[in-house]
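The values are calculated or read from the model by the stated rules, or taken from the named source; none is laboratory data. What you see is a predicted model, and the numbers here were worked out from it, not measured in a lab. Positions of Cβ are backbone-derived with ideal geometry, glycine not excepted, and every protein chain shown enters the neighbour counts.
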């Protein structure tokens, strides 16, 4: 019989055996987070693939579609999505090439670059949301979803995020 | 006063307002996972930077150092680390360039490529483990570390991982 094992539990045992007991639980947590992120992103990517979107680009479109006039300054996009300005620039550049976003200078302040969602962008983000909702978000894989989200919020708060 | 808000909680409200209540909790969970992964990896990368290692390369060295004779077939390395063969190949190639791993053909079966940790590899993985333990794993940022790891294990199990 093939002995299957949990590689994270096995690493935890090794940590204790090497005298790093104080760090064993934290190591298991971080390794579990990396693994779960990988598993969840595989499902997210599969749901978004037919729409030719990455999760980063989906989040840009989603956020723009929620604003009153469908546009935001690039800097605000980055701070709302909590990602690096360079990542926003590359996501928006790709979205513009796809015809889902248009960039322009603000009339009020020529130094400000605005990103605006197009009609095609609105269409694709609605379709992608349906895919994500039915294929991923409505089937999270565990019962206590709010409990897990609350524990993750504690981690976010400890790192300085505003939560609640 | 600047009104700070939790962007994930805000998205959850939007989901409910758009009639996607059934998917709102799952959306918040997935988005929280992505954010926590990003925050934790920033800390991991900072701890590993002085050792010129990524977490993927660290995990390869850590696993090899735990084996009896410091080597494993490439295919086994991939299955133990639960990553794509192409990722293992690129991590090991980089580690070989750094002098931390040596690749060779198995004497028993010439089709099998073995990855073996070098003395320099053993040295760097011990130093990197001390950094990770003190800077990240011993300061996870929440109290109920085993509780969070257990909930993440449920997600892993639902996706087909062996856990426990």
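Values for this structure:
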read-out: Qualifying position, being outside any loop (DSSP other than H, G, I, E, B), in contact with a helix residue (DSSP H, G or I) (Cβ under 7 Å, 6 or more places away or on another chain) and at pLDDT below 95, among A:78, A:141; value: A:78
read-out: Failed condition for residue A:104, given (1) outside any loop (DSSP other than H, G, I, E, B); (2) within 19 Å of residue B:26 (Cβ to Cβ); value: (2)
read-out: Filtered residue count, the stretch A:94-123, keeping only those that are surrounded by fewer than 12 Cβ atoms within 10 Å (Cβ to Cβ) and either more than 13 Å from residue A:65 (Cβ to Cβ) or in contact with a helix residue (DSSP H, G or I) (Cβ under 8 Å, 6 or more places away or on another chain) (or both); value: 8
read-out: Condition met for residue B:80 (closer than 15 Å to residue B:58 by Cα and not assigned by TED's automatic domain parsing to the domain that holds residue B:46); value: yes
read-out: Test: residue in the stretch A:49-70 that is assigned by TED's automatic domain parsing to the domain that holds residue A:120, without any contact (Cβ under 8 Å) to a residue 60 or more places away in the chain and over 23 Å from residue A:132 (Cβ atoms); value: yes
read-out: Residues of the stretch A:151-162 satisfying the condition of being assigned to a helix (DSSP H, G or I) and closer than 24 Å to residue A:79 by Cβ; value: A:152, A:153, A:154, A:155, A:156, A:157, A:158
read-out: Residue list for the stretch A:9-29, filter: surrounded by fewer than 19 Cβ atoms within 10 Å (Cβ to Cβ), part of a helix (DSSP H, G or I) and without any contact (Cβ under 8 Å) to a residue 12 or more places away in the chain; value: A:10, A:13, A:14, A:16, A:17, A:21, A:22
read-out: Sole residue being surrounded by 19 or more Cβ atoms within 10 Å (Cβ to Cβ) and part of a helix (DSSP H, G or I), chosen from A:62, A:49; value: A:62
read-out: Boolean, residue A:104 is modelled with pLDDT under 95 and under 18 Å from the mean Cα position of the chain (by Cα); value: no
read-out: Flag if residue B:136 is away from chain A (no Cβ under 14 Å), surrounded by 14 or more Cβ atoms within 10 Å (Cβ to Cβ) and not in a strand (DSSP E or B); value: no
read-out: Any hit, the stretch A:30-43, residues being surrounded by fewer than 21 Cβ atoms within 10 Å (Cβ to Cβ), touching a helix residue (DSSP H, G or I) at 6+ places or on another chain (Cβ under 6 Å) and touching a residue at least 60 places away in the same chain (Cβ under 8 Å); value: yes
read-out: Residue count, the stretch A:77-86 (criterion: within 18 Å of residue A:125 (Cβ to Cβ) and surrounded by fewer than 21 Cβ atoms within 10 Å (Cβ to Cβ)); value: 3
